[in-house]
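Q: Mind looking over this structure? Questions follow.
The values are calculated or read from the model by the stated rules, or taken from the named source; none is laboratory data. Please read all numbers here as calculations on a predicted model, not as lab measurements. Positions of Cβ are generated from backbone atoms using ideal geometry, with glycine treated the same way; all protein chains shown enter the neighbour counts. The accessibility values were calculated without ligands, DNA or RNA, using every heavy atom of the protein model including side chains. Shrake-Rupley method; radii C 1.70, N 1.55, O 1.52, S 1.80 Å.
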Amino acid sequence: MEHAEVAVIGGGQSGLAAAHALAGAGLKSVVLEASDRAAGSWPRYYDSLTLFSPARFSALPGLPFGGDPDRYPHRDEVVAYLARYAARLDAEIRTGTRVAQVAPDAGGAFRIELEGGAALTAGAVIAASGSFGNPYRPTLPGLASFTGRVLHVAEYRTPEAFAGQRVVVVGAGNSAVQVAAELARTSRTTLATRAPVKFTRQHLLGRDLHFWLTRTGLDTAPLGRILRTPPAQPVLDGGRYRAALAAGAPERRPVFTGLDGGKATWGDGSVEEVDAVILATGYRSHLPYLAGLPGALDAAGRPRHRDGASLTHRGLAFVGLEWQRSLSSNTLRGVGRDAHRAARRLAAHLARR
């Protein structure tokens, strides 16, 4: 049976950063990516997605983003950047290869079973498959019986499909505000949140916020060790989105108290017809292929780890988890640091074996 020194599951930003770090640690890796290209979830995000961090703070280790370092790259720029990054890696990248299960193998190694029946073994495994495959859909009153269209923001692409409609976007994060403001140009749109939207200024003293996060060390502080529940991050704004909400485009209201058929009931007792509800409510860990490793996941399917190192399997590591170690752990700018730590630990583990 084929054997790999390290198998990296996922070929998006986290998996590519992991492969780069492994090569730097002298380890050969094979990257297993389920989709048809090494770009992770980026090609599937909505068309207008723009990064909230400048290009100078949005690069993986070893390859600058290029172009104006102070611009905010578009989704398609990120996809093209990841393609360039993958092409430069000293690693084998197999696209169209979905992992079905990881199980223990002899001598502390792992057996990796692929959809379609093929399999390989590996001395170590890095789970870097992200969370896009597991959109969080909260339980909202009447949502299950709503006769209008319900979709997660993971399925949203452009506002044209909702032109002239009555749309409710649920959520208070960056994507929720960005999508609601975009929809409000062609639709009557409400941003429904449990509390008022919290904004953070995009620029302070003439510098982008990410400059100050880096300069102060807050971007890399190991706060993930002590956070049981990751805090909600405020919306980064240069003034555009705050002004849009102030102008009522979109309007902001507390989450509806109920849905009945195609109607929404609001807290003030008003009832109206609604065409679509878009859930911009985030994502959750998506690691079903690790269920065959006893203790690797908790009862809710979340990885049991410390700083990305599995608490139950020495040769298993995670890269790209939200707040894995710090604020920037699941971002382009920060994932490389966690990948380097994981590669260093796995190199030591394999050397001992």
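Q: Note the full-extension length gain between residue 257 and residue 70 as 0.36 nm times their separation in residues minus their Cα-Cα distance, in nm to one decimal. Could you put the intermediate results ahead of the total?
A: On the way: separation 187, 0.36 × 187 = 67.32 nm, distance 4.26 nm.
Difference between extended and current length: 63.1 nm.
Q: Something else now. Only helical DSSP H runs with n ≥ 4 go in: add -39500 (n - 2.57) per run for the chain, normalise by residue count and round the 222 nm mean residue ellipticity to 500 deg cm²/dmol.
A: Numbers: 6 runs with 69 residues, N = 353.
Result for the chain: -6000 deg cm²/dmol, rounded to the nearest 500.
Q: Can you give me the angle between helix 13-24 and the longest principal axis of the chain, using Cα atoms only, in degrees from 0 to 90, rounded to the nearest 10?
A: Approximately 20 degrees, to the nearest ten.
Q: Which whole-number percent gives the relative contact order of the range 9-164, counting Cα pairs below 8 Å spaced six or more residues apart? Write out the running numbers ahead of the final one.
A: Values: 235 pairs, mean separation 45.7, N = 156.
In percent, rounded to a whole number, it is 29.
Q: While we're here: Give me the percent of the accessible area of the chain that comes from carbon and sulfur atoms, probe 1.4 Å, all protein chains in place. Intermediate values should be presented prior to the final figure.
A: Numbers: 8270 of 16220 Å².
The nonpolar share, carbon plus sulfur, comes to 51 percent.
Q: Moving to a separate point now. Count charges around residue 214 for me, please; just the other residues with Cβ under 11 Å from its Cβ, Lys/Arg as +1, Asp/Glu as -1.
A: +2
Q: Longest exposed-loop-site-free stretch of the chain, with GluC sites (Glu not before Pro), DSSP loop and at most 14 other Cβ within 10 Å?
A: Working: sites that count: 2, 115.
In the chain, the maximal stretch lacking such sites is 116-353.
Q: Turning to a different aspect of this structure: What does the accessible area per residue of the range 174-239 come to in Å², with a 1.4 Å probe and no ligands, DNA or RNA counted?
A: Roughly 58 Å² per residue, with all protein chains present.
Q: Can you compute the charge dipole magnitude of the range 255-353 about its Cα centre, using +1 on each Lys and Arg Cβ and -1 on each Asp and Glu Cβ, nothing else charged? Give it in debye, rounded to the nearest 20.
A: Details: 14 positive and 9 negative charges, 286 e Å.
Value, rounded to 20: 1380 debye.
Q: Of 28, 198, 263, which has the most accessible area with a 1.4 Å probe, and how do the rest follow in descending order?
A: Details: 28 120, 198 150, 263 95 Å².
Largest accessible area first, the residues go 198, 28, 263.
Q: Just add up the charged neighbours of residue 262: K/R +1, D/E -1, any other residue whose Cβ is under 14 Å from the Cβ of residue 262. Show your work: numbers first, answer last.
A: Numbers: positive: 149, 166, 263; negative: 260, 272, 273, 275.
With Lys, Arg at +1 and Asp, Glu at -1, the neighbours total -1.
Q: Let me ask something additional. Determine the dipole magnitude for the chain: charges of +1 sit on the beta-carbon of Lys and Arg, -1 on that of Asp and Glu, nothing else is charged, the reference point is the Cα centre, and the result goes in debye to the nearest 20.
A: Working: 42 positive and 30 negative charges, 219 e Å.
Computed about the Cα centre, the dipole is about 1060 debye.
Q: Ok, one more. Using a cut-off of 15 Å between beta-carbons, work out the net charge of the residues near residue 109 (Lys and Arg +1, Asp and Glu -1, residue 109 not included).
A: Working: positive: 28, 111, 314, 352, 353; negative: 2, 5, 105, 113.
Overall, the nearby charge balance is +1.
Q: Out of (i) 147; (ii) 184; (iii) 126, which label holds the value of volume of the Cα convex hull per residue in Å³ that was computed here?
A: Among (i) 147; (ii) 184; (iii) 126, the one derived from this structure is (i).
Q: Considering the options 233, 349, 316, tell which one lies farthest towards the positive end of the dipole of the chain, charges being +1 on Lys and Arg and -1 on Asp and Glu at the Cβ, about the Cα centre.
A: Going by the Cα projections, it comes out as 349.
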